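Notes follow once the structure below has been shown.
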Amino acid sequence: MKRIFLLFLVLAFLRISIYAQHSFPPTHWCNTTEGWKTKGCRALYGMKFEEKEKVIAIPHRGSWGLPGVPENCMTAIDSAYTQGYMFVEVDVILTADKKLFLCHDQQTNRMTSLPPTFSADGNLFDNGTFVRNLSWFSPTLNKVPDIQAVNYPSFPAINTAHYKDRFNNITNYLTNTFEDVCDYMKSHDIIVALDIKTGSMKDLVTKKEYLEAISVALRIAEEKNVLSKLILKPGSSGQVTVDEIQAYLEPRQQWDTFRNRINVILINIVGGSFPMATDKKYLDAWYNLPSLIAVEQIYKKASDPLLTPNPNFGNKSIVQYTKDRGFRTGVFHPIPTNIYGAPGGRGNYFNPNNYGEIQDLRGNLEFLFSLPQNSAPGIIVTDRPDVDRSFLKLFNLESKYTLRTNDF
């Protein structure tokens with residue numbers, strides 16, 4: 001009996017050790033006294049555990065609505081910070097020389113001063129549009145086709161390019177890398193969500209590129225000592241399993257870093273590139289990951305399989321199942337800049353009452369918040385956070401964790 005009692009004490013101690021005093025994984029910096037003093041750690045805790053009925057607004061690609069402020073660059077990140085945001089999201093693409101370049105598009109001429117390449121569709125077989133063929137430090141010789149499908153003799157090095165604003169004006173801001181982001185995180189209390197972009201993940205070469213980008217991001221963040229301020233967002237370019245990430249990172253001694261020392265928000269979408277979006281085994285593997293803090297369940301209409309009862313999930317919707325597992329859910333919300341639905345920016349999804357038919361309802365906040373409470377999002381990743389915050393404040397939905405300048 002005494003041995004059983006001692007065993008019970010040991011197991012209880014181990015359980016307490018797994019999630020230390022602030023409920024983060026064992027080696028996470030936010031479990032330390034120093035870490036817990038920061039706004040960032042308290043905001044991560046709040047995202048995972050508190051105010052689930054409220055909504056955290058996160059600037060998508062930084063804050064970049066004004067003329068002269070490009071998306072996905074350090075200026076957009078600094079603009080979000082200056083406005084008081086606690087979280088910000090940016091995209092990166094891995095270059096041929098293993099730099100993580102701040103950019104969303106494989107076709108770089110929309111966002112930068114780089115010349116146009118053959119196609120803007122980012123198709124798997126259109127290698128001329130893939131950033132993985134371009135170098136950060138040196139020109140790419142005779143490999144990049146122009147819009148007539150004739151190779152440029154010399155395509156410029158990415159680091160010589162300047163970003164464009166959303167009005168297609170070339171700015172004075174040179175292109176940035178993930179190292180620049182990490183240096184900024186070191187001196188600013190901000191959490192950066194990193195969305196890694198590739199081509200179709202159905203291709204094994206592309207999937208390996210995606211896994212390598214995760215490895216590179218972890219190495220840089222560890223070297224810069226900002227792992228706890230980093231959120232990785234697997235799932236937007238295509239699905240990757242926990243087992244695939246573990247198999248890639250373990251030989252590189254990075255699996256514990258991914259599992260315990262950073263933060264993860266899974267993106268889950270139903271569609272052709274996302275065959276496991278409703279697969280319980282796939283989702284449960286992610287939900288059992290200690291570093292997972294939230295899930296973006298991106299749905300576009302009320303009949304989306306993520307919102308409808310599913311017998312494999314106890315006849316609950318997958319969104320409700322996710323919430324019942326204790327995770328805040330989020331959604332990407334693309335909107336234009338005026339109330340009439342004129343695109344003006346990236347999206348043309350906004351549809352106020354009586355302004356015509358729309359197919360993708362995720363652009364309509366009235367739709368998102370007319371859903372039952374067990375389906376409404378707790379995070380909005382948005383191109384126009386100021387517009388969305390006006391809506392959220394009007395209905396007392398905004399979480400205090402949206403702004404670093406709040407008291408928490």
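The values are calculated or read from the model by the stated rules, or taken from the named source; none is laboratory data. Every value quoted in this text rests on a predicted model; they were computed, and no experiment measured them. Please note: Cβ atoms are built from the backbone with ideal geometry, for glycine as well, and neighbour counts cover all protein chains shown. Heads up: the accessible areas ignore ligands, DNA and RNA and are worked out on the full protein's heavy atoms, side chains in. Shrake-Rupley method; radii C 1.70, N 1.55, O 1.52, S 1.80 Å.
Applying a 4.7 Å Cβ-Cβ cutoff to the chain, the cysteines left without a disulfide-compatible partner are 73, 103, 182.
Taken about its Cα centre, the chain carries a charge dipole of about 1080 debye when Lys and Arg each add +1 at the Cβ and Asp and Glu each add -1 at the Cβ.
Think of the chain as a dipole: +1 on every Lys or Arg Cβ, -1 on every Asp or Glu Cβ, centred on the Cα centre; then among 114, 314, 205, 314 lies furthest on the positive end. Taken over the range 137-232, lysine pairs spaced eight or more positions apart, or on distinct chains, with alpha carbons under 17 Å apart number 4.
Compared with the alpha-carbon gap, the fully stretched path from residue 284 to residue 162 is longer by 39.7 nm at 0.36 nm per residue. Of the residues 78, 407, ranked by 1.4 Å probe accessible area with the largest first, the sequence reads 407, 78.
Which chymotrypsin sites (Phe, Trp or Tyr not before Pro) in the range 151-245 sit in a loop by DSSP (not H, G, I, E or B) and have at most 13 other Cβ atoms within 10 Å of their own Cβ? Filter output for the range 151-245: 167. From its DSSP helices (H runs of at least four residues, each -39,500 (n - 2.57)), the chain gives a residue-normalised ellipticity at 222 nm of -7500 deg cm²/dmol. Identify all aspartates and glutamates with a Cα-Cα distance to residue 400 below 19 Å; exclude those on the same chain that are fewer than 8 residues away in sequence. Within the straight-line cut-off, residue 400 pairs with 50, 51, 53, 89, 189, 386, 388. Distance from the Cα centroid of the range 35-81 to that of the range 230-278 is 21 Å (rounded to whole angstrom).
Computed from the C-beta positions of residue 208 and residue 146 and an R0 of 35 Å, the FRET efficiency is 0.80 to the nearest 0.05. Taking every protein chain into account, the accessible area of the chain amounts to 44 square angstrom per residue (probe 1.4 Å). Restriction of the GluC sites (Glu not before Pro) in the range 40-113 to DSSP coil positions whose beta-carbon has at most 12 other beta-carbons within 10 angstrom yields 53.
Membrane-span-like helices in the chain, defined here as complete DSSP H runs extending at least 20 Å along the helix axis by their C-alpha atoms with mean Kyte-Doolittle hydropathy no lower than -1.0, are 2-18, 204-223; this is a sequence and geometry rule, not a statement about a membrane. Protein heavy-atom surface of the chain, 1.4 angstrom probe: 54% of the accessible area is carbon and sulfur, with nucleic acids and ligands not counted.
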